[in-house]
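Engineer: Take this structure, written in structure tokens, and hold onto it; I'll ask about it next.
The values are calculated or read from the model by the stated rules, or taken from the named source; none is laboratory data. Given the structure is predicted, the values throughout are model-derived calculations rather than measurements. When we count neighbours, we look across all protein chains shown, and the Cβ atoms used for this are built from the backbone with ideal geometry, even at glycine.
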Amino acid sequence: MSWADPCRYIERILVEESCLADDYCQAILGRASLPWTVFPDDEPPLHQEEDATWKTAKKILALRRYKGRFFKPCPGTKEYRCCGYHVLATGFNCPMDCVYCILQSYLNQPWLSVFINTSDLLAELSAVLASGKPMRVGSGEFTDSLALDRITHLSRILVPLFARHDNAVLELKTKSAVVDNLADLEHNGHTTIAWSLNSPEVMRRQELRAATLAERLAAARKCADWGYRLAFHFDPLIFYPGWQEGYRHTIAALFNAVPAAAIAWISLGALRFPPPLKEIALSRFPQTAIYRHEFIDGLDGIRRYFRPHRVELYQFIYQELQRFVSPDTCVYFCMESDEIWREVMGFSPEERGGLAAMLDRAAFPDWPA
């Protein structure tokens, strides 16, 4: 079964009562063509006595209003190099089920949520972007950016907005192949379409209900043909028997599928997780072996592979990328120390103006220096 469009996993929709009159909410219900019921405002869509386990709840989509701030800085840590990204909250959770997904450890509501008060989102976002300051913005921190796009059409709202702001680039990051809504949009080069990639073995065993490598790369090729710039995230890199050949295969397939010049940036990050995630993930996926490796608590309290093991992973992946990558593509580490940067890449971000500046140059190639 293909999971190129993972929203096919959804079986029913719950609608917050005050959202029923919203045109966007009604449009989603019409496109989804699924059974739906209403729940009261300011109450959870499902109650404690109902079956709200991860397995069943991921089949349920809640349409609701978001009352917090939509636009926030990425929650990095001071102990490791952060890229200066900004996060746009458009929903929580996704229909895919990755064994390593960090959302399992801090989302106490396992059903899917899509925020339908897009007028509030656009007003807040437009006010922020009016500052004129260069900004890289992504919607893939708490949900997959495109997994539900067939029924939400959110890309058709966000991409035209960013097209009108020369100082902003939107990154839509996904493990799906849901890109049809992007085909005819006027993006003006201000939206980058990104995919998380891994070895075929990891994708098959640890990324349930996600698109295959071939499906992701075919979708990426379409986006390149439509003039979008691309990005790829090798994160999390995972040790397993034969990992070198697996990652070598993925990297070769990537550059065989899309032109190197279309890739704006590529990130690398080894498997890492907050301590509570291991127990949660093993209870849900007892067959997984990814947590059997040796880990150490990092300076930020997050568990990571020992430094020599991370360096081994990174050096191999980085050297393979260097065989194909364009000199204009920014290859960087997500949440790593200067020591790792120097040992693998031979420099620290500060020597090149800082990681945020490196990515800004990749995101805004025509911006005045």
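Engineer: Residues in region 149-188 that are of a type outside the set (S, T, N, Q) and within 22 Å of Ser113 (Cβ to Cβ): how many?
Structural biologist: Of the residues in region 149-188, 16 are of a type outside the set (S, T, N, Q) and within 22 Å of Ser113 (Cβ to Cβ).
Engineer: Same structure, new question: Of the conditions (1) crowded, with 23+ Cβ neighbours inside 10 Å; (2) of a type in the set (A, V, I, L, M, F, W, C); (3) in contact with a strand residue (DSSP E or B) (Cβ under 8 Å, 6 or more places away or on another chain), Ala262 satisfies every one except a single condition; which number is it?
Structural biologist: Single failed check for Ala262: (1).
Engineer: What are the residues in region 81-126 that are assigned to a helix (DSSP H, G or I) and buried (at least 18 other Cβ atoms within 10 Å of the Cβ), if any?
Structural biologist: Selection gives Gln104, Thr118, Leu121, Leu125.
Engineer: Right, next: Going residue by residue through region 185-192, is there one that turns out to be under 17 Å from the mean Cα position of the chain (by Cα), crowded, with 21+ Cβ neighbours inside 10 Å, modelled with pLDDT of 95 or more and assigned to a loop (DSSP other than H, G, I, E, B)?
Structural biologist: The answer is no, given that none of the residues of region 185-192 is under 17 Å from the mean Cα position of the chain (by Cα), crowded, with 21+ Cβ neighbours inside 10 Å, modelled with pLDDT of 95 or more and assigned to a loop (DSSP other than H, G, I, E, B).
Engineer: Please specify each residue of region 110-167 satisfying the condition of being in contact (Cβ under 8 Å) with a residue 60 or more places away in the chain, touching a Leu at 6+ places or on another chain (Cβ under 6 Å) and hydroxyl-bearing (Ser, Thr, Tyr).
Structural biologist: None; the set is empty.
Engineer: While we're looking at this one, here's another question. Would you be able to say whether some residue in region 211-225 is surrounded by fewer than 18 Cβ atoms within 10 Å (Cβ to Cβ), hydrophobic (A, V, I, L, M, F, W, C) and in contact (Cβ under 8 Å) with a residue 40 or more places away in the chain?
Structural biologist: yes
Engineer: Considering every residue within region 352-362, establish whether at least one is surrounded by 16 or more Cβ atoms within 10 Å (Cβ to Cβ) and either in a strand (DSSP E or B) or among the acidic types (Asp, Glu) (or both).
Structural biologist: Yes, that holds for at least one residue.
Engineer: Mind checking whether some residue in region 161-172 is more than 25 Å from Asp360 (Cα to Cα), buried (at least 17 other Cβ atoms within 10 Å of the Cβ) and not charged (D, E, K, R)?
Structural biologist: No, every residue in region 161-172 fails to be more than 25 Å from Asp360 (Cα to Cα), buried (at least 17 other Cβ atoms within 10 Å of the Cβ) and not charged (D, E, K, R).
Engineer: Look at Arg221 and say whether it is out of contact with any His (no Cβ under 6 Å at 6 or more places or on another chain), charged (D, E, K, R) and not in a helix (DSSP H, G or I).
Structural biologist: When the stated conditions are applied, Arg221 does not pass them.
Engineer: Here's another thing I want to ask about it. Does region 240-248 contain at least one residue that is within 18 Å of the chain's Cα centre (by Cα) and either at pLDDT 95 or above or surrounded by fewer than 16 Cβ atoms within 10 Å (Cβ to Cβ) (or both)? Steps first, answer last, please.
Structural biologist: The first filter runs over region 240-248 and keeps only residues within 18 Å of the chain's Cα centre (by Cα), leaving none.
No, the conditions are met nowhere in region 240-248.
Engineer: Sticking with this one: Which residues, counting only those in region 326-355, are among the small types (Gly, Ala, Ser) and over 20 Å from Gly189 (Cβ atoms)?
Structural biologist: Ser337, Gly346, Ser348, Gly353, Gly354
Engineer: Any idea which residue in region 285-310 is nearest to the chain's Cα centre (by Cα), counting only those that are farther than 18 Å from Ser199 by Cα and in a helix (DSSP H, G or I)?
Structural biologist: Among those residues, the one meeting the criterion is Arg307.
Engineer: Given the criterion farther than 21 Å from Val311 by Cβ, assigned to a strand (DSSP E or B) and in contact with a Lys or Arg (Cβ under 8 Å, 6 or more places away or on another chain), identify the matching residue among Ala210, Ala231. Steps first, answer last, please.
Structural biologist: Values: Ala210 fails: assigned to a strand (DSSP E or B).
Among Ala210, Ala231, only Ala231 is farther than 21 Å from Val311 by Cβ, assigned to a strand (DSSP E or B) and in contact with a Lys or Arg (Cβ under 8 Å, 6 or more places away or on another chain).
Engineer: Shifting gears a bit: Can you name the residue in region 194-239 that is within 23 Å of Thr329 (Cβ to Cβ) and aromatic (Phe, Trp, Tyr) and, of all such residues, is nearest to the chain's Cα centre (by Cα)?
Structural biologist: By that ranking, first place goes to Trp195.
Engineer: Also: Restricting attention to region 131-143, which residues are at pLDDT 90 or above and either surrounded by fewer than 17 Cβ atoms within 10 Å (Cβ to Cβ) or over 17 Å from Tyr66 (Cα atoms) (or both)?
Structural biologist: The first filter runs over region 131-143 and keeps only residues at pLDDT 90 or above, leaving 135-139, 142-143.
Answer for region 131-143, where residues must be at pLDDT 90 or above and either surrounded by fewer than 17 Cβ atoms within 10 Å (Cβ to Cβ) or over 17 Å from Tyr66 (Cα atoms) (or both): Met135, Arg136, Val137, Gly138.
Engineer: Right, next: Being surrounded by 14 or more Cβ atoms within 10 Å (Cβ to Cβ) and hydrophobic (A, V, I, L, M, F, W, C) is the filter here; which residues of region 318-351 pass it?
Structural biologist: Across region 318-351, the qualifying residues are Leu321, Phe324, Val325, Cys330, Val331, Phe333, Cys334, Met335, Ile340, Trp341, Val344, Met345.
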